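J.: Just passing along the structure, written as structure tokens.
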Amino acid sequence: MDRYVVFACISFIAFALIPAAAAQPSGAVTGRVTNGETGRPLPSVNVIVESTGDGAQPRGTSTGPQGRFAVDGLAPGRYVVRARFVGFASRSREVEVSAAESVGVRFALAPRTVGLDAVEVTAAPTVSETAEQLRKADIQEANPRDGGELLRTMSGVSAVRRGPVGLDPVVRGLRSGQVGVYVDGMRTFPAGPARMDSPLSHTGPSTMQSIEVAKGPYALTWGGGQLSAIRVETNDLFNVARGERLSGQLQTGYDSNFGSYDVTGTVSGRSDAFAYRVDGAYRTGNDYETGDGTSVPADFLNRELRAKVGYKLGDNQRLTAGGGYQRQDDVDYPGRLLNAQFFKTGRARASGTSTPRAPAWCVRWRQRRMATRPCTR
């Protein structure tokens, strides 16, 4: 009989302790996200809380109308809090969460605007206009369907959808003939009837090395008859490591939202003075349905091949030649009377560049300061 009494006591104590353990107090992370330039609250910012120790699943939320957020139910420990928002640089902070306590975190996100090395001025001392630029790393990170989508990441620049493979660029409200578009130094124009194709739709994003936008009268230094301009440079020949005579890369992807897929490939090589590069792309898309079941015409087939060769005459002199060919078939243009049965576009270019050597005092000055901008006295 005694052992039954002992068993009953042990069972009672165990069941009494289980709720107490389950009710162990947890912590929380609260805070606010604001615009680093204006100080105003930023709503709809993605906030993610990740544990640095036990490998628990990340917790996430978004900020409210006043930029505030709260993530509760966190076990005591160290966490990394990240704030991400389109058009702003991401920020993160490591915090220590204690039981039954709330940790406050504030983020001031800086807009992704013009960097110092992307600012250019005209020769007149009283007039200056900025030129904003996206480099190769920015383009790869964005992973766009077409080159026009990249424009929406820049301040003062937008794009209007024009068919499934192109966006019509808009710079400070200017469109069509008011905005010049240059690819490898050559101005391009729409080719279809009623300007149905965008001038950027004939250059695939996988072949782009950089995109630069000049806003305002500064664009006239690139060419006449334009109030703003966009300049695209295709992949650089001499960014391959010296002595790497053959290298290649193949990428593929599928977009389930639009029912489209693409395959891109690159072959390149470089000796001491000679370099070559070949880029190819195959992309196709299909009609898709919106959330309410509406069918959107979005068929297209795109094939592109570009090649470049170059020779370095010296440290500051280069000769380059290149060309490209692209064909688009059966491109749907919703809302227009016509679709494009096919587009054929070709481009060729030969050029030579010579950069003057910097004086010795300039080289020493830049080495001491690890500077990349031009020397000034």
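J.: Of 207, 221, which residue is under 22 Å from the mean Cα position of the chain (by Cα) and over 13 Å from residue 148 (Cα atoms)?
T.: Selected residue: 207, the only one of 207, 221 that is under 22 Å from the mean Cα position of the chain (by Cα) and over 13 Å from residue 148 (Cα atoms).
J.: Is there a residue in segment 276-285 that is in contact (Cβ under 8 Å) with a residue 40 or more places away in the chain and in a loop (DSSP other than H, G, I, E, B)?
T.: no
J.: Tell me which residues, restricted to segment 73-93, are touching a Ser or Thr at 6+ places or on another chain (Cβ under 7 Å) and outside any loop (DSSP other than H, G, I, E, B).
T.: Result: 73, 74, 77, 78, 79, 80, 81, 82, 83, 84.
J.: Which of the residues spanning segment 149-163 are buried (at least 20 other Cβ atoms within 10 Å of the Cβ) and in a loop (DSSP other than H, G, I, E, B)?
T.: Those that are buried (at least 20 other Cβ atoms within 10 Å of the Cβ) and in a loop (DSSP other than H, G, I, E, B): 154, 162, 163.
J.: Further question on the same structure: Could you check segment 291-317 and list, in sequence order, the residues that are of a type in the set (Val, Ile, Thr) and under 28 Å from the mean Cα position of the chain (by Cα)?
T.: 296, 309
J.: Something else: Just wondering, is there one or more residues in segment 291-311 that are surrounded by 16 or more Cβ atoms within 10 Å (Cβ to Cβ), touching a residue at least 12 places away in the same chain (Cβ under 8 Å), within 21 Å of residue 354 (Cβ to Cβ) and touching a Ser or Thr at 6+ places or on another chain (Cβ under 6 Å)?
T.: Yes: one or more hits.
Every read-out reported here was derived from the displayed coordinates using simple, explicitly stated rules and does not represent laboratory data. The model shown is predicted, which means the values in this text are computed figures rather than measured ones. Every residue, glycine among them, receives a Cβ derived from its backbone with ideal geometry; neighbour counts consider all protein chains shown.
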